[in-house]
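Asks: One structure is given below, represented as structure tokens, and several questions about it will come after.
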Amino acid sequence: QVLLVESGGGLVQAGDSLRLSCEASGDTFNSYAMAWFRQFPGKEREFVAVTKWAGGTPRYADSAKDRFTISLDNVANIGYLTIIPMKPEDTAVYFCAAAFGRSSFDPAAYPYWGRGTQVAVSS
């Protein structure tokens, strides 16, 4: 059973940097895609970024292209989302997700999800 556990959220100041982690276990992830989504209060989850454990070019939402970086530690099976600099509008719950096979912007394509980590950015 695939298990994803996010960490690294919390309260940060605008202008700070933040790195979220997603520890993956329960399978061999060579053929998986890992994505990050975020959810604002009262809104649907929105795509942020996706990459593949086997390599390739990460893909980002337009809103994330300038300040967000998705990366993977293939040895430790940990995915990361780094945000520099943080802005108040980044306040949301951040989720990592995984799927076997090709990557997608659609949250419905991902059967495996973490429980999320709350990020709050003060101005």
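Asks: For the stretch 37-45, does any single residue satisfy the condition of being closer than 18 Å to Ser104 by Cβ, open to solvent by less than 50 Å² (accessible area, probe 1.4 Å), in contact (Cβ under 8 Å) with a residue 40 or more places away in the chain and in contact with a Phe, Trp or Tyr (Cβ under 6 Å, 6 or more places away or on another chain)?
Replies: The initial filter retains those residues of the stretch 37-45 that are closer than 18 Å to Ser104 by Cβ, namely 37-39, 44-45.
Filter once more, so that each one left must be open to solvent by less than 50 Å² (accessible area, probe 1.4 Å): 37-38.
Going one step further and asking which of them are in contact (Cβ under 8 Å) with a residue 40 or more places away in the chain, we end up with 37-38.
Filter again for in contact with a Phe, Trp or Tyr (Cβ under 6 Å, 6 or more places away or on another chain), leaving 37-38.
Yes, some residue in the stretch 37-45 is closer than 18 Å to Ser104 by Cβ, open to solvent by less than 50 Å² (accessible area, probe 1.4 Å), in contact (Cβ under 8 Å) with a residue 40 or more places away in the chain and in contact with a Phe, Trp or Tyr (Cβ under 6 Å, 6 or more places away or on another chain).
Asks: If you don't mind, another one. If the requirement is being in contact with a Gly (Cβ under 6 Å, 6 or more places away or on another chain), open to solvent by 10 Å² or more (accessible area, probe 1.4 Å) and modelled with pLDDT of 95 or more, which of these qualifies: Ser21, Ser25? Show your work before the answer.
Replies: Working: Ser25 fails: in contact with a Gly (Cβ under 6 Å, 6 or more places away or on another chain).
Of Ser21, Ser25, the one residue that is in contact with a Gly (Cβ under 6 Å, 6 or more places away or on another chain), open to solvent by 10 Å² or more (accessible area, probe 1.4 Å) and modelled with pLDDT of 95 or more is Ser21.
Asks: Okay, next question. Quick check on my filter: what residues within the stretch 81-98 are out of contact with any Lys or Arg (no Cβ under 8 Å at 6 or more places or on another chain), over 17 Å from Tyr60 (Cα atoms) and open to solvent by less than 50 Å² (accessible area, probe 1.4 Å)?
Replies: Within the stretch 81-98, just Thr91 meets the criteria.
Asks: Restricting to the stretch 93-118, name every residue that is aliphatic (A, V, I, L, M), over 12 Å from the mean Cα position of the chain (by Cα) and part of a strand (DSSP E or B). Let's see the steps before the verdict.
Replies: Looking only at the stretch 93-118, we keep the residues that are aliphatic (A, V, I, L, M), and these are 93, 97-99, 108-109.
Narrowing further to those that are over 12 Å from the mean Cα position of the chain (by Cα): 99, 108-109.
Passing the criteria: only Ala99.
Asks: Quick one: would you say Val119 is touching a helix residue (DSSP H, G or I) at 6+ places or on another chain (Cβ under 8 Å), among the β-branched types (Val, Ile, Thr) and under 17 Å from Val5 (Cα atoms)? Before you say what the answer is, go through the steps one by one.
Replies: Numbers: touching a helix residue (DSSP H, G or I) at 6+ places or on another chain (Cβ under 8 Å): yes; among the β-branched types (Val, Ile, Thr): yes; under 17 Å from Val5 (Cα atoms): yes.
Yes.
The values are calculated or read from the model by the stated rules, or taken from the named source; none is laboratory data. In this text, all values refer to a predicted model and were calculated from it rather than measured experimentally. Methodologically, a virtual Cβ is constructed for each residue, glycine included, from the backbone with ideal geometry; neighbour enumeration extends over all protein chains shown. For accessibility, only protein heavy atoms count, side chains too; no ligands or nucleic acids. Shrake-Rupley method; radii C 1.70, N 1.55, O 1.52, S 1.80 Å.
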